[in-house]
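Chemist: Once you've had a glance at the structure underneath, I'll fire off some questions.
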Amino acid sequence: MMVYKEANTPIHRMNAMPKIIWAITILILSLIFDNPVVLILLFVATIPPAVFGKIIKEWSFFVKFGLFFIPVIVLLNIAFNHNGEHILYSLGYDLPFFGSPVITLEALFYGIMMGVRLLVILSAFAIITVSVHPDDILMLMLKMKVPYKSVLIVSLSSRFIPTLLSDVETITDVQRTRGLELDRGSIIKRIKNRFPVLVPLLANSLERSVEIAEAMEARAFGENKKRTFYKELKLSNADKLVSVFIFSTLLVGIIARFLGYGIYEYYPVLSPIELESIILGVLLFSMLVIPYVSVWITYNSSEPLAHGGHQ
Amino acid sequence: MNRECGEGIVLTEGLHFTYSGSQTPALVDVSIAIDEGEFVLLAGPSGSGKSTLARCLNGLVPHFHGGKFGGRVVVCGLDTREATVAELARHVGFVFQDPENQLVSMEVEREIAFGLENIGLPKDVIGKRIEEALDTVGILHLRKKHPKELSGGEKQRVAIASVLALHPNVLVLDEPTSELDPQGAEDVLKVVERLNDELGITVILIEHRLDRVMHLVDRVIVMNRGRIIADGEPREVMRDERLRETGTEIPPVVDLTLKVMEHYEPDVLRDGFKIPLTVKEGRKILRPLFRRVNGVGWKPKTHHQTGKIVISIENVWFGYEYDQPILKGVSLNVRKGEFVALLGRNASGKTTLLKHLIGLNIPSKGRVVVCGLDTREATVAELARHVGFVFQNPNDHLIADTVFEEVAFPLKSMGYDNIEERVKEVLKLLKLERYRDCYPRSLSGGEKQRVAIASVLAFKPEILILDEPTRGLDFSLKEYIMKILDGYRKNGRTVIYSTHDVETAARHGDRAVIMSEGKIVIDDEKHKGLANALLFSPQINRMIQSFRRYGVPEEILTVEEALEVIDIGLRRGGR
C-alpha cells in the first residue's frame, strides 16, 4: 500500500535526483516560512505530481495520516500557548502548572498552520516513497558519497521490511491461537499483551541477521579490494537542468526569507496577508510545479515513443 | 573459471571442530578427498555435522563461526585457515537452506551483481556474467523481480545464480530444498544436476530426501555424530546397514528391494540383481517378482470413522484482495477421531484453509463450524479452547525463558489449573523432560518443534491442527512426531496436518485431502486418494501402477503394504 510500485507514468519515469531535490526543497521551504499563504501553496504544489503519477490513492493514505494529526497539534498548541489577544475562551481561574488557561484565536490559527506544515512534508515525501524505486535512492546516496556500508544498512532494512511484517503477522496469529487477546483490557494490559509478540520477533530478527551476514560473507562481502558498482544513477543533461532549476527555487526562497519577504506574525494579533507574500507564494508554487507539468506535457505529446523508450 | 585446481579439489585431513560454548564436538576426525567434477551427496540425521562440514569448505568455519579447529581443509589449493571467506567465495559457491535470508537485494539482477561488485569486477564484465548466470539457471524472466514476488523455488534458483556468477569450481548446497514444495525442489535439483553435468562444477549437496537425488549423485557420504560412517557409490552405500541405523530415510523403492532380498531367496529377483535408485529402475528390477504375485486378495487396512462431525466447512470463499480469491468454494467435513493429511503445492491454499478452523481467517462467503461454534461469531480465544494450532516455524511459538514456562504459557493465559501436572505429562510424552529448564531457542530444530507441539498438546484440544509439522525434519524425528499424533488421535481427538511429504502421508493417517489452486481436488481414504494421483503418489505406488495388469492391487502405498502383497502372492503361488 505505502511502498514503491512499478508504473509507467511521467512521474515514475522521471529521474530520482530532481524528485528528491524537489522533496528536500519543499521540506526546507516549509520550515523556513510560516506564512499561511506560502504553506498552503506549497501543499497545493504537491498535488500535481500525485495526479500525473496516478498515485492519488497511495498519496492520500499519507495525507489522511497527516489530517489525523492536525487536531492533536491544534489541541496541544491551544493548551500550552496562551499568546494572542483575541480570547475565544477563558477558564477564569488558575490551574497549577498551566497557569490561567485561555484559548486564543491566534494560537488556534497557528496550530492549524503547523498542521498544514506537517501535511506539506508528508505529502512531498509520500510522492517520493511511492514513485522512486528504493534502489534509486540508494544509488543517489552513493553518488553523494555516502559510505557504502551506511547505504547497505539502509538497503538491507528496506529489503527485509516485508519479511518483518509477515513475521509480525504470523507471530500475532500464533499468540492469538494460544488464547492471547490483544485488544482486550486497559491500555497498559494491551501493551503488556504485545510482549509475547515482541519477544519472538526480536529473537527471530537476531537469528535472521546472523544468517544474512553468513550469506553475504559467502559471496565475498568484506573483501578488501575496492568495490565496484554495477548500476549507477545516470543523469542526462535534462535531468541536471531540472535539478538545478528546482534547486534555484530553494535559493529564491532562502534569499526572499533573508530579505524579509513572506514574514508573518501570528502574535499578538494575526498580521494581514500582504500582496508580497502572495506573489512570493505563487512564484515558489509555479517553480515547483513547472518541472512536473513539463514532463507531463512532453510525455503526452510523445506517447507512442515513450513506451518503446529507455528502460 | 579458475583453473589452478585439478584433482582432489576438496580435501579435509583429520578435521575436528567444536563450536565455542559447546561441549560436544561437531566434527570428529573427518578426512575426505573429493575430485573435480564429482557430485557428492552428504547424508545423515540432523545434528550429525553435515552443515558444519559444509561450512568448513568455504571458511565460514572457523572464520565466521568460531571454535576449536583441528586438522586441515584445502579447497582448490587454498588452506581455509589462511584464506579469507571472501577469497574462498571465488572458488566455493554456497547456497543456504533458507531461501529468504540469503537474498540481500531488492532486485534479482542486483542480487547476482552483489558478489561480483564485492570482488571489484568492472561493470561490463558484471553485466555479461549476470546474463550468463540468469540463462544457465533458467531465470531470465525473473531479472527485474523483487524477492517478495518470488516463490521459494525461484528464490533458491536466484541464490544459485548469484553464487554461480562468481564462477566457482565447487558448489556447496546446504539442504536447498527442505523448505520447498515438490515442484520447487525438482526445479532446483534439475539446475544443480545440469551445472554438474554440463559445466563440470563439483557439487556437494546436503539433502534429507534421498529419493530425490540418489540417481543424480556419484557418491554418498554418510555422517553420524560428527563422523563419517560410510562413503561410496549410491548403490553400495544403500546396502550398508549403518545407513539404516542412523535413522536416515531410505528411498521406498530401495527399502522394498532390500527387504525383499532379506526375506526371500535372492532368486526371486532373478540374476543381474541390483539396487534400483529410481522408480523406473524399480519397475524393471521388481517386475519379475510382481509378475508372480498375481490375483492376490489383498485389501488395504482402512479406518472408517463414524464419529460425529466436528469440523464442517461449507462452500468457503476467501481472499485478502477482493479480486484474487485464495479459496474458491471449499467444502469439507471432518469427523471425530480422524487423522487427515492436507496435501498440495505451495500457495494452493492449505495454510489459508487451516487458519479458517481457528478463526484467524473468516470466510468471505460460506461458513465454517468447528465444535459447534460458527467461526464468524466465536472469537479466536474461544475457538482456541477447542482447537490447538501448531504453526510451521517453531521459532514463532517460542517466547519463554525455559521449556517449562513455554509449555505452561498457553495454559496460564487460558486459565487452567494444575498446570504443573499437565506440563509434566506432556513433556514426558514428547521426551522433553531433560530440557525442562533449558532456553527453548537454544535447542535443535527438531527439539524446538517438539516444544511447540507440547505447548499446544498441553491443554488437550479436541482438534489439533499442524501446518507442515515435518518440514525440514529428519526421518526418525518425522516418524516419531507422526506416531505421537496418531496416539493423540486414538484418544478420540481429531488431527489435521498439512504437508508436502507424500511418503509421510502414505504411512500415517487415514484420509488424504489434496488441494490445488484454492479448491479441493481429491478427498478420500488415503489409499484411494493417493493411488495414481500423479504428483502426489508415493514412490511405491508410482512403481506398482505398471504392475496392475498382473493383478497387483493399485492401492499399495507403502513398503510394508507391498511386502504384505508379495507375501500373500508368493505363498499362493506355492513357493
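The values are calculated or read from the model by the stated rules, or taken from the named source; none is laboratory data. The model shown is predicted, which means the values in this text are computed figures rather than measured ones. Cβ placement follows ideal geometry from the backbone for every residue including glycine, while neighbour counts extend to all protein chains displayed.
Chemist: So which residues in region B:523-550 are small (Gly, Ala, Ser) and either assigned to a helix (DSSP H, G or I) or over 22 Å from B:PHE339 (Cα atoms) (or both), if there are any at all? Write out each step before concluding.
Modeler: At the first step, the residues of region B:523-550 found to be small (Gly, Ala, Ser) are B:529, B:531, B:533, B:537, B:546.
Answer for region B:523-550, where residues must be small (Gly, Ala, Ser) and either assigned to a helix (DSSP H, G or I) or over 22 Å from B:PHE339 (Cα atoms) (or both): B:GLY529, B:SER546.
Chemist: Which of the following residues is within 12 Å of another protein chain (Cβ to nearest Cβ), closer than 27 Å to A:THR228 by Cβ and in contact with an Asp or Glu (Cβ under 8 Å, 6 or more places away or on another chain): B:LYS128, B:LYS155?
Modeler: On the way: B:LYS128 fails: in contact with an Asp or Glu (Cβ under 8 Å, 6 or more places away or on another chain).
The match here is B:LYS155.
Chemist: Let me ask something additional. Return only the number of the condition from (1) in a helix (DSSP H, G or I); (2) modelled with pLDDT of 95 or more that B:GLY153 does not satisfy.
Modeler: B:GLY153 satisfies all of (1) in a helix (DSSP H, G or I); (2) modelled with pLDDT of 95 or more except (2).
Residues checked against (1) touching a helix residue (DSSP H, G or I) at 6+ places or on another chain (Cβ under 6 Å); (2) crowded, with 16+ Cβ neighbours inside 10 Å; (3) of a type outside the set (D, E, K, R):
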{"residue": "A:PRO48", "(1), (2), (3)": "yes, yes, yes"}
{"residue": "A:GLU58", "(1), (2), (3)": "yes, yes, no"}
{"residue": "A:LYS64", "(1), (2), (3)": "no, no, no"}
{"residue": "A:PHE68", "(1), (2), (3)": "no, no, yes"}
{"residue": "A:PRO96", "(1), (2), (3)": "no, no, yes"}
{"residue": "A:LEU105", "(1), (2), (3)": "no, yes, yes"}
{"residue": "A:PHE109", "(1), (2), (3)": "no, yes, yes"}
{"residue": "A:VAL116", "(1), (2), (3)": "yes, yes, yes"}
{"residue": "A:LEU122", "(1), (2), (3)": "yes, yes, yes"}
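Chemist: Can you tell me which condition B:ALA381 does not meet? The list is (1) in a loop (DSSP other than H, G, I, E, B); (2) without any contact (Cβ under 8 Å) to a residue 40 or more places away in the chain, and all the others hold.
Modeler: Every condition holds for B:ALA381 apart from (1).
Chemist: Which residues, taken from region A:201-226, are in contact (Cβ under 8 Å) with a residue 12 or more places away in the chain and either more than 7 Å from every other protein chain (Cβ to nearest Cβ) or surrounded by fewer than 19 Cβ atoms within 10 Å (Cβ to Cβ) (or both)?
Modeler: The answer is A:LEU201, A:SER205, A:ARG208.
Chemist: Here is a follow-up. If you check A:GLY115 against the conditions, is it assigned by TED's automatic domain parsing to the domain that holds A:GLU276, in contact (Cβ under 8 Å) with a residue 12 or more places away in the chain and over 27 Å from A:LEU251 (Cβ atoms)? Talk me through it step by step, then tell me what you get.
Modeler: Values: assigned by TED's automatic domain parsing to the domain that holds A:GLU276: yes; in contact (Cβ under 8 Å) with a residue 12 or more places away in the chain: yes; over 27 Å from A:LEU251 (Cβ atoms): yes.
So A:GLY115 passes the test.
Chemist: Here is a check on your reading of the model: is B:PHE64 among the aromatic types (Phe, Trp, Tyr), touching a residue at least 12 places away in the same chain (Cβ under 8 Å), touching a strand residue (DSSP E or B) at 6+ places or on another chain (Cβ under 9 Å) and over 22 Å from B:GLY37 (Cβ atoms)? Working first, answer last.
Modeler: Working: among the aromatic types (Phe, Trp, Tyr): yes; touching a residue at least 12 places away in the same chain (Cβ under 8 Å): yes; touching a strand residue (DSSP E or B) at 6+ places or on another chain (Cβ under 9 Å): no; over 22 Å from B:GLY37 (Cβ atoms): yes.
It is false that B:PHE64 is among the aromatic types (Phe, Trp, Tyr), touching a residue at least 12 places away in the same chain (Cβ under 8 Å), touching a strand residue (DSSP E or B) at 6+ places or on another chain (Cβ under 9 Å) and over 22 Å from B:GLY37 (Cβ atoms).
Chemist: Something else: Take region A:222-252 and flag every residue that is in contact with a Gly (Cβ under 8 Å, 6 or more places away or on another chain) and of a type outside the set (Val, Ile, Thr). Give the steps one after another, and end with the answer.
Modeler: If we filter region A:222-252 for residues that are in contact with a Gly (Cβ under 8 Å, 6 or more places away or on another chain), which is where we start, we get A:223, A:225-228, A:230.
Selection gives A:GLU223, A:LYS225, A:LYS226, A:ARG227, A:TYR230.
Chemist: Take the residues in region B:384-421 that are within 8 Å of chain A (Cβ to nearest Cβ) and either free of Cβ contacts under 8 Å to residues at least 24 places away in the same chain or assigned to a helix (DSSP H, G or I) (or both), then tell me which one is surrounded by the fewest Cβ atoms within 10 Å (Cβ to Cβ).
Modeler: Looking at residues that are within 8 Å of chain A (Cβ to nearest Cβ) and either free of Cβ contacts under 8 Å to residues at least 24 places away in the same chain or assigned to a helix (DSSP H, G or I) (or both), I get B:SER413.
Chemist: Right, next: Regarding B:GLU377, is this residue over 28 Å from the mean Cα position of the chain (by Cα), within 14 Å of another protein chain (Cβ to nearest Cβ) and among the acidic types (Asp, Glu)? Explain how you work it out, then say what you get.
Modeler: Numbers: over 28 Å from the mean Cα position of the chain (by Cα): yes; within 14 Å of another protein chain (Cβ to nearest Cβ): no; among the acidic types (Asp, Glu): yes.
Criteria not met by B:GLU377.
Chemist: Among the residues of region B:97-125, which ones are crowded, with 24+ Cβ neighbours inside 10 Å, closer than 30 Å to B:LEU473 by Cβ and either facing chain A (nearest Cβ under 9 Å) or among the hydroxyl-bearing types (Ser, Thr, Tyr) (or both)?
Modeler: If the condition is that a residue be crowded, with 24+ Cβ neighbours inside 10 Å, closer than 30 Å to B:LEU473 by Cβ and either facing chain A (nearest Cβ under 9 Å) or among the hydroxyl-bearing types (Ser, Thr, Tyr) (or both), then B:GLN102, B:LEU103 are the ones that fit.
Chemist: Sort through B:GLY344, B:GLY337, B:GLY349, B:GLY372 and tell me the only one that's modelled with pLDDT of 90 or more, surrounded by 15 or more Cβ atoms within 10 Å (Cβ to Cβ) and more than 24 Å from B:SER537 (Cα to Cα). Show your work before the answer.
Modeler: Values: B:GLY344 fails: more than 24 Å from B:SER537 (Cα to Cα); B:GLY349 fails: more than 24 Å from B:SER537 (Cα to Cα); B:GLY372 fails: surrounded by 15 or more Cβ atoms within 10 Å (Cβ to Cβ).
Sole residue among the options that is modelled with pLDDT of 90 or more, surrounded by 15 or more Cβ atoms within 10 Å (Cβ to Cβ) and more than 24 Å from B:SER537 (Cα to Cα): B:GLY337.
Chemist: Here is a list: B:LEU189, B:LEU205, B:LEU171. Which entry is within 21 Å of the chain's Cα centre (by Cα), part of a helix (DSSP H, G or I) and either outside the structural domain of B:LEU15 (by TED's automatic domain parsing) or hydrophobic (A, V, I, L, M, F, W, C) (or both)? Show your work before the answer.
Modeler: Numbers: B:LEU205 fails: part of a helix (DSSP H, G or I); B:LEU171 fails: part of a helix (DSSP H, G or I).
Within the list B:LEU189, B:LEU205, B:LEU171, the selection yields B:LEU189.
Chemist: Pull up region A:227-241, narrow it to residues that are more than 7 Å from chain B (Cβ to nearest Cβ) and basic (Lys, Arg), then point me to the one that is nearest to A:ARG178 (Cα to Cα). Please lay out each step first, then the result.
Modeler: Taking region A:227-241 and keeping what is more than 7 Å from chain B (Cβ to nearest Cβ), we get A:232-241.
Still in the running and basic (Lys, Arg): A:234, A:240.
Values: A:LYS234: 53, A:LYS240: 58 Å.
Ranking the candidates gives A:LYS234 first.
Chemist: Between a first residue in region A:59-72 that is outside the structural domain of A:ARG117 (by TED's automatic domain parsing) and farther than 9 Å from A:ALA126 by Cβ and a second residue that is charged (D, E, K, R) and assigned to a helix (DSSP H, G or I), which pairs have beta carbons less than 8 Å apart while being 6 or more apart in sequence or on different chains?
Modeler: Listed by first residue and then by second, the contacts come to nothing, as the list is empty.
Chemist: Further, regarding this structure: Within region A:173-197, how many residues are within 9 Å of chain B (Cβ to nearest Cβ), surrounded by 13 or more Cβ atoms within 10 Å (Cβ to Cβ) and assigned to a helix (DSSP H, G or I)? Steps first, please.
Modeler: Step one: list which residues in region A:173-197 are within 9 Å of chain B (Cβ to nearest Cβ), which gives A:173-181, A:184, A:195-197.
Applying the additional criterion that residues be surrounded by 13 or more Cβ atoms within 10 Å (Cβ to Cβ) yields A:173-181, A:196-197.
Filter once more, so that each one left must be assigned to a helix (DSSP H, G or I): A:173-177, A:196-197.
Within region A:173-197, residues that are within 9 Å of chain B (Cβ to nearest Cβ), surrounded by 13 or more Cβ atoms within 10 Å (Cβ to Cβ) and assigned to a helix (DSSP H, G or I) number 7.
Chemist: Determine whether A:VAL252 is more than 14 Å from chain B (Cβ to nearest Cβ), at pLDDT below 95 and farther than 22 Å from B:ASP124 by Cα. Show your work before the answer.
Modeler: Numbers: more than 14 Å from chain B (Cβ to nearest Cβ): yes; at pLDDT below 95: no; farther than 22 Å from B:ASP124 by Cα: yes.
Spelling it out, it is not the case that A:VAL252 is more than 14 Å from chain B (Cβ to nearest Cβ), at pLDDT below 95 and farther than 22 Å from B:ASP124 by Cα.
Chemist: Quick test for you: out of B:VAL403, B:VAL387, pick the one residue that is under 23 Å from B:CYS371 (Cα atoms) and modelled with pLDDT of 95 or more.
Modeler: Details: B:VAL403 fails: under 23 Å from B:CYS371 (Cα atoms).
The match here is B:VAL387.
Chemist: Give me a count of the residues in region B:58-96 that are facing chain A (nearest Cβ under 8 Å), touching a His at 6+ places or on another chain (Cβ under 8 Å) and of a type in the set (D, E, K, R).
Modeler: 1
Chemist: Exactly one of these conditions fails for B:ARG367: (1) under 15 Å from B:LEU342 (Cβ atoms); (2) basic (Lys, Arg); (3) more than 8 Å from every other protein chain (Cβ to nearest Cβ). Give me its number.
Modeler: It is condition (1) that B:ARG367 fails.
Chemist: On the basis of being more than 29 Å from B:VAL330 (Cα to Cα), within 27 Å of the chain's Cα centre (by Cα) and β-branched (Val, Ile, Thr), does B:VAL451 make the cut? Explain how you work it out, then say what you get.
Modeler: Values: more than 29 Å from B:VAL330 (Cα to Cα): yes; within 27 Å of the chain's Cα centre (by Cα): yes; β-branched (Val, Ile, Thr): yes.
Judged against the criteria, B:VAL451 is a match.
Chemist: Out of A:ILE24, A:ILE87, A:ILE73, A:ILE78, which single residue is closer than 27 Å to A:SER158 by Cα and hydrophobic (A, V, I, L, M, F, W, C)? Spell out how you get there, then give the answer.
Modeler: Details: A:ILE87 fails: closer than 27 Å to A:SER158 by Cα; A:ILE73 fails: closer than 27 Å to A:SER158 by Cα; A:ILE78 fails: closer than 27 Å to A:SER158 by Cα.
Testing whether each residue is closer than 27 Å to A:SER158 by Cα and hydrophobic (A, V, I, L, M, F, W, C) leaves just A:ILE24.
Chemist: Which residues, taken from region B:339-364, are away from chain A (no Cβ under 12 Å) and among the hydrophobic types (A, V, I, L, M, F, W, C)?
Modeler: B:PHE339, B:VAL340, B:ALA341, B:LEU342, B:LEU343, B:ALA347, B:LEU353, B:ILE362
Chemist: Now a separate question. Taking region B:245-257 on its own, how many of its residues are surrounded by 15 or more Cβ atoms within 10 Å (Cβ to Cβ) and assigned to a helix (DSSP H, G or I)?
Modeler: Just the residues of region B:245-257 that are surrounded by 15 or more Cβ atoms within 10 Å (Cβ to Cβ), to begin with: B:246-257.
Restricting the remaining residues to those that are assigned to a helix (DSSP H, G or I) gives B:252-257.
Adding up the residues that qualify gives 6.
Chemist: Here's a follow-up. Take region B:217-244 and flag every residue that is part of a loop (DSSP other than H, G, I, E, B) and surrounded by fewer than 20 Cβ atoms within 10 Å (Cβ to Cβ).
Modeler: Quick first cut of region B:217-244, residues part of a loop (DSSP other than H, G, I, E, B) only: B:217-218, B:225-226, B:233, B:239-240.
Answer for region B:217-244, where residues must be part of a loop (DSSP other than H, G, I, E, B) and surrounded by fewer than 20 Cβ atoms within 10 Å (Cβ to Cβ): B:ASP218, B:ARG225, B:GLU233, B:ARG239, B:ASP240.
Chemist: Here's a follow-up. Report yes if some residue within region B:559-571 is free of Cβ contacts under 8 Å to residues at least 60 places away in the same chain, within 17 Å of B:MET482 (Cβ to Cβ) and not hydrophobic (A, V, I, L, M, F, W, C); otherwise report no.
Modeler: Checked against the condition, which is being free of Cβ contacts under 8 Å to residues at least 60 places away in the same chain, within 17 Å of B:MET482 (Cβ to Cβ) and not hydrophobic (A, V, I, L, M, F, W, C), region B:559-571 yields at least one hit.
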